[in-house]
Amino acid sequence: MGLPRANPVVAMATFTGHLDQLWANRGLAERGWARETVDDLHVVVTIPAHRTGEHGEVTEPFHVLLGAEYYDLYPPTVMFVSPEAGWPRARKGSRWWPNVVGIPWLGLHDDFQYPDGPRRQLVCFSMTAEYYMTGHNPTEAQRWRQGTHTVAATLNRLADVLSSSSYRGPDNASHL
Amino acid sequence: MSIDSDRSEHARELLVTVHNEDNGLPVEIHAEPESLVSTVIAKMYEKFNLTRKPNDRLRCESTGADVFAYANDRLSAYEHTRCRDLVWLFAGDQGGA
């Protein structure tokens, strides 16, 4: 399903305002988060993932490229990316792809066939725009609602997963 | 009410801070130590202008423990034994893969 594009100036201003609120209210910089504006509609947010490793607590950053193309009638677009020039998409099996198991409401798809375009990554839950592009039917309580949800809903859920017992580390480590 | 007596009133109360993870906005709730956790939860929903839904999540930030499970506790006892900083995280439902 093609989503209606938002006015880019309005969308990015709204998105930035919401992100600024979250950043300040939760002290994210002090918690090890980072952000970088990529272009007029995109920001990369670095989320620290936490787990207990062999030698104690381990913190590993992951980077998500967020887009305001459809914001905030729809959630931001979301893609895990690699910290290289141009922020290319992260691939399964790489350091920049998180190994997450057993979250019934989250699907991480490395190479998904979208209904109306090329194959690409899909971060699938109801707080990403891509969820609504790929034929899902959320309940009213699950659905993104403008005025109720902001990019905070997207980022807080990702952070929650990346600090839960379902997070097993970077995907390249699972092959060791 | 004078400023001094207002300060004195709040001094006897406990402060619960709830971060709404759906929109990134916090609310603060002052409550008597002997009030029930359920009373604070009700005030939270009122401040958020929401009604409780079956899959809402409310947890203590420092422990991750479900706050709803202790709804019948007195707030002072709950603070002492379950969630010392009284900072909660609220999130509504989300749809899945």
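Data overview
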item	result
Lys, Arg +1 and Asp, Glu -1 on Cβ, resulting dipole of chain B about Cα centre, debye, nearest 20	240 debye
Degrees between helix A:8-25 axis and first principal axis of chain A (Cα, 0 to 90, nearest 10)	40 degrees
Label zone at A:PHE112, where the point sits 7 Å out along the Cα-to-Cβ direction: the stretch A:122-149 residues whose backbone N lies under 14 Å	A:122-138
Rounded Å value of the spacing that divides the Cα centres of the stretch B:25-59 and the stretch A:84-145	32 Å
Spacing of the two label points (7 Å from each Cα toward its C-beta) at A:ARG95 and A:GLU57, in nm	2.3 nm
Principal-axis tilt of helix A:151-162 within chain A, Cα atoms, nearest 10 degrees	20 degrees
Local net charge near A:LEU28, Cβ-Cβ under 12 Å (Lys/Arg +1, Asp/Glu -1)	+1
Which of A:VAL81, A:TRP97, A:GLY67, positive extreme of dipole for the stretch A:65-155 (C-beta unit charges)	A:TRP97
Number of partner chain Cβ atoms within 10 Å, mean per residue of B:86-95	5
Residue order, fewest to most surrounding Cβ atoms within 10 angstrom, among A:TYR74, B:TYR45, A:TYR132	B:TYR45, A:TYR132, A:TYR74
Size of charge dipole - chain A - debye, nearest 20, with Cβ of Lys, Arg +1 and Asp, Glu -1, no other charges	260 debye
Formal net charge of residues neighbouring A:TYR167 (Cβ-Cβ distance under 10 Å; K, R +1; D, E -1)	0
Dipole magnitude of the stretch A:61-148, debye to nearest 20 (Cβ charges: Lys/Arg +1, Asp/Glu -1, about Cα centre)	240 debye
Average beta-carbon neighbours from other chains, 10 Å sphere, peptide B:67-75	0
Most mobile of A:ARG35, A:ARG26, A:ARG145 in a GNM of chain A (Cα contacts under 10 Å)	A:ARG26
C-alpha long axis of helix B:37-48 to longest principal axis of chain B, angle in °	70 degrees
Residue-span extension gain [B:GLU46 to B:SER76] - 0.36 nm each, minus C-alpha spacing	8.6 nm
Charge tally in the Cβ shell below 11 Å around B:LEU58, where Lys, Arg are +1 and Asp, Glu are -1, B:LEU58 excluded	-1
Value of [θ]222 nm, deg cm²/dmol, for the protein assembly as shown, DSSP H segments ≥ 4, -39500 (n - 2.57) each, nearest 500	-7000 deg cm²/dmol
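No value in this document is a laboratory result; all are computed from the given coordinates. Remember, it's a predicted structure, so these values are computed and weren't measured experimentally. Note that each Cβ is placed from the backbone with ideal geometry, even for glycine, and that neighbours are counted across all protein chains shown.
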